[in-house]
1. Can you confirm whether residue D:73 is in contact with a helix residue (DSSP H, G or I) (Cβ under 9 Å, 6 or more places away or on another chain), surrounded by fewer than 17 Cβ atoms within 10 Å (Cβ to Cβ) and either at the interface with chain A (Cβ under 9 Å from one of its Cβ atoms) or touching a residue at least 40 places away in the same chain (Cβ under 8 Å) (or both)?
2. Tell me the residue from D:63, D:40, D:49 that is under 24 Å from residue A:95 (Cα atoms), at pLDDT 95 or above, surrounded by 13 or more Cβ atoms within 10 Å (Cβ to Cβ) and in contact with a helix residue (DSSP H, G or I) (Cβ under 9 Å, 6 or more places away or on another chain), please.
3. Is it true that residue C:94 is buried (at least 21 other Cβ atoms within 10 Å of the Cβ) and either in contact with a strand residue (DSSP E or B) (Cβ under 9 Å, 6 or more places away or on another chain) or more than 29 Å from residue B:77 (Cα to Cα) (or both)?
4. Could you identify the single residue in B:53, B:77, B:65, B:49 that is within 17 Å of residue A:46 (Cα to Cα) and more than 13 Å from the chain's Cα centre (by Cα)?
5. Restricting to the stretch B:14-30, name every residue that is within 8 Å of another protein chain (Cβ to nearest Cβ) and either in a helix (DSSP H, G or I) or free of Cβ contacts under 8 Å to residues at least 24 places away in the same chain (or both).
6. Of all residues in the stretch D:46-68, how many are free of Cβ contacts under 8 Å to residues at least 24 places away in the same chain and within 7 Å of chain C (Cβ to nearest Cβ)?
7. All but one of (1) within 9 Å of chain A (Cβ to nearest Cβ); (2) not in a helix (DSSP H, G or I) hold for residue D:43; which doesn't?
């Protein structure tokens, strides 16, 4: 997993205030995935497995929306106050992230 | 995680032939989620975290499409050969599963 | 818009029984799109336009789910009763269609 | 189609500079929907209709991403420069719009 922005080492990320919540959600999703693997091991019915995969996918999407919200609320807003160039760069980045989200 | 179909205990599920592949994919996704949690712990840049969440979401969607394919190839096809009623029940179930997938 | 299957000329499509419903839904979506264009012409607020675009997208997804249901209920079920080869071909086609749906 | 923001009457919307492009895209999508209705009228094969519905859905999502980009680039950036309260209101609105997009 590459880190494209050295800035991450110096500025706190947009999700700093909600970091514990994000980690809790991710641990829960990890548990959901393990639960799905157990269902597959136990030959659970396809549709029941699919229902749980959809639930985990939805939980991941919720993480994305949360991260995006914190990113806009902090990083984009800060960039807007810094300069037109900084704002434009962040807007381009957010748009690309939303496009990836919609395609996932 | 509720199992709605007692049938799962008796008939092998549609994904029987690809069970090991499904488990391998799920283990890999579990690792992706753990990697994302580590990124958040290390204050990685929001957009980099979002990129990895999108990748994990896409991997989960691939599991869904695979399970769905195996389900139609085996369970729906078998039901079609059994009776009109059995077929109709499976078609309704698959449609509901696709709807959940599209909403996730 | 290419038609890949000459069969469409001879066998009625899976949605034959619900053709009028499908057409009604499509006319309604066409009206929604025209309404969105009017909003843009009148400089409506971005978020209000986005809300209507999401509604139209959801309506299109509903058309897809309906077509898919009819297709599985008729074309896939018929193919299952015809032969293993016919079934396998239809299952592959349906899976590809669901993948396109999830990516859209 | 309700307009929730009286502001739309006074301030130009975020998409002002790309209004003609947005309208062109919407006209093209309207044509796609009409083409799909024609396919259904002519009993085109289900999978071919589904392929075109997915294409139209993707085109609508592209309109959404564009509107969202313009909205962030203009309305959110302007709000960020105005005040913390104005910024917070816009961020909440954008997040809700992205959630609707992901659910559509």
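1. Numbers: in contact with a helix residue (DSSP H, G or I) (Cβ under 9 Å, 6 or more places away or on another chain): yes; surrounded by fewer than 17 Cβ atoms within 10 Å (Cβ to Cβ): no; either at the interface with chain A (Cβ under 9 Å from one of its Cβ atoms) or touching a residue at least 40 places away in the same chain (Cβ under 8 Å) (or both): yes.
In short, no.
2. Step by step, each of D:63, D:40, D:49 is checked, and only D:63 is under 24 Å from residue A:95 (Cα atoms), at pLDDT 95 or above, surrounded by 13 or more Cβ atoms within 10 Å (Cβ to Cβ) and in contact with a helix residue (DSSP H, G or I) (Cβ under 9 Å, 6 or more places away or on another chain).
3. When the stated conditions are applied, residue C:94 does not pass them.
4. Only one candidate qualifies: B:77.
5. B:16, B:19, B:22, B:23, B:26, B:27, B:29, B:30
6. Residues meeting the conditions: 11.
7. (1)
The values are calculated or read from the model by the stated rules, or taken from the named source; none is laboratory data. Keep in mind the model is a prediction, meaning the values are calculated, not measured. Glycine gets a Cβ as well: all are built from the backbone with ideal geometry, and neighbour counts include every protein chain shown.
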